[in-house]
Amino acid sequence: MTSKIIPVDEFDYVVFGGTGDLARRKLIPALFHRRSDGQIVGNSRIVGVSRSAMSNEEFRKFADEALDKYIGSDISNSNEAAAEYQSQKQDFLQHLYYVQVDASSDKGWDKLVKLLGNEDRLRAYYLAVGPALFGAIAERLYSNGLIREHSRLVIEKPLGHDLKSAQQLNQTVGRYFDESQIYRIDHYLGKETVQNLMALRFANALYEPLWNSAHIDHVQITVAEDIGVGSRSGYYDKSGAIRDMVQNHLMQLLCLVAMEPPASNDADAVRDEKLKVLRSLKPITSSDVHQMTVRGQYGKGAIHGQPVDGYLDEIDGGESSTETFIALKAEIANWRWAGVPFYLRTGKRLAERVSEISIEFKPAPHNMFPGENKQFKANRLVILLQPDEGVKQWIMIKDPGPGGMRLRHVALDMSFAEEFEARSIDAYERLLLDVVRGNATLFMRRDEVEAAWKWIDPIIEGWQENGQKIHKYTAGTWGPTASIALIERDHRTWNEDLDS
Ligand code: BG6
């Protein structure tokens, strides 16, 4: 089963940082797929921009190699599939162009102006560069007359490292682009199952009456990675898990679970509701940060049986108190959620790559099967984000067979890969084209980003004031034992058997 593809009008996508890692791994493959699937048609162009000298042909070769590396292995071995891939690739590459521009000086801009020409087509400027360059690029786009009614700006984290810097960054780009033209990416919002969470909650009448503190005991959000920081240690060591993952991805997931039903799927209707959640989060301050958060850092260990270095070795043996793991308990002070903790955890070099949201319902009020106390478990709804997308609804049933009444906790299990034949599309494919379609529902508005920082800043300050300890954990485990204590103190446990 494939979904209906509606082609978009011709556009120009200008990627600053066009020869960088994000372009190579994500943006070029995503745009290739959208063209091959027939959503990008005609003479839509992708323009790579960076400081290096490169011809169009060299840029096409760079993209050709990126495609072979990042999607070539997904192409089936049949001659037919290989030939189709080659022909789609040739078609895609023809629409790639390159311009050498120095973002922080006037060099090269005239060539970009010339290439883009006067046609009033949609232009998206994707800044796949460090945030320090956002202002300089926006200013030069403006002074070169490149910002028009149909121009859009796409930016991605880090969107500041605290509230103040986020406000400055928003002000800087806001000088040249209207808020309605700015698309702030959080790629988690483009993930299939994250959107499915919206469908599950708001396209079904079943869950909404139960979706509150009367019926839900608590919520767990886990985003576990098995990778380490690799070559990104320069950036990561200054950010840590709280800035890299919690301030954006985990808080966005929390918003989608906790928000009130928006009146429509329009960008502002959804973002208004998410903002209300962010503003209702109970502050974690210096006095309770120790109770509410746990920081960890991985040491040496093994991932899937392979020995791996610890964090300090990965950052060249230096000293660092940056957290690569965080667990925290968030509370939402509003009518729907008062008294329902949201336990969040994320970390690198954990046992597996698995992300899920687990809604733990309250137990049935009375057990009329007294011999079955141990089996008598509460319902749980698990939304699996990755690697296997799906939904599991855990319920109690009678254990089949003769004899007495025995109970069993089983999952109604829907794996999307098994249910649907369609290729699972990468978040960037959806988001890049949403920019072209002018659909901002899955992008963060300025006030959301700032509200998230407003909640995060006191946590980081509390850590600094209290010199909060970093707990070491062995790579390949589920993080420091202190994170288990965080939830067990409330007589609850992490859903360790993430496959159960
Ligand atoms: C990025 C973080 O935003 O998300 C990375 O900077 C992290 O540190 C990545 O590895 C995780 O994304 P995904 O899609 O692989 O879960």
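Data overview
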| quantity | calculated |
| --- | --- |
| FRET efficiency estimate (nearest 0.05) - Cβ-Cβ, ASN265 to SER104, R0 45 angstrom | 0.70 |
| Overall Cα dimensions of the stretch 341-381, principal axis frame, Å, largest first | 43, 21, 14 |
| Principal semi-axes in Å for the chain [√(5λ), Cα gyration tensor, largest first] | 41, 27, 23 |
| Evaluated over the stretch 388-500, the Cα radius of gyration and Dmax, each in Å | 22.0, 62 |
| Radius, Kirkwood style, for the stretch 433-476 when every pair of distinct Cα atoms is counted (Å) | 13.9 |
| For the stretch 145-232, alpha-carbon Rg relative to the globular expectation (2.2 N^0.38 Å, N residues) | 1.57 |
| Taking N as its residue count, the alpha carbon Rg of the stretch 195-344 over 2.2 N^0.38 Å | 1.24 |
| Calculated SAXS-style log₁₀ I(q)/I(0) at q = 0.18 Å⁻¹ - the stretch 320-463, Debye, Cα scatterers | -1.34 |
| C-alpha center-to-center spacing [the stretch 176-205, the stretch 467-493] in angstrom | 31 |
| Loop sites in the stretch 272-362: GluC sites (Glu not before Pro), DSSP, at most 13 other Cβ within 10 Å | GLU319 |
| Radius of gyration, Dmax [the stretch 198-274; alpha carbons; angstrom] | 16.4, 47 |
| The stretch 21-138 - Rg and Dmax from Cα coordinates, angstrom | 15.4, 49 |
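Any read-out appearing in this document is the output of simple, stated calculations on the displayed coordinates, not a laboratory observation. Quantities reported herein were computed from a predicted structural model and do not represent experimental measurements. Methodologically, a virtual Cβ is constructed for each residue, glycine included, from the backbone with ideal geometry; neighbour enumeration extends over all protein chains shown.
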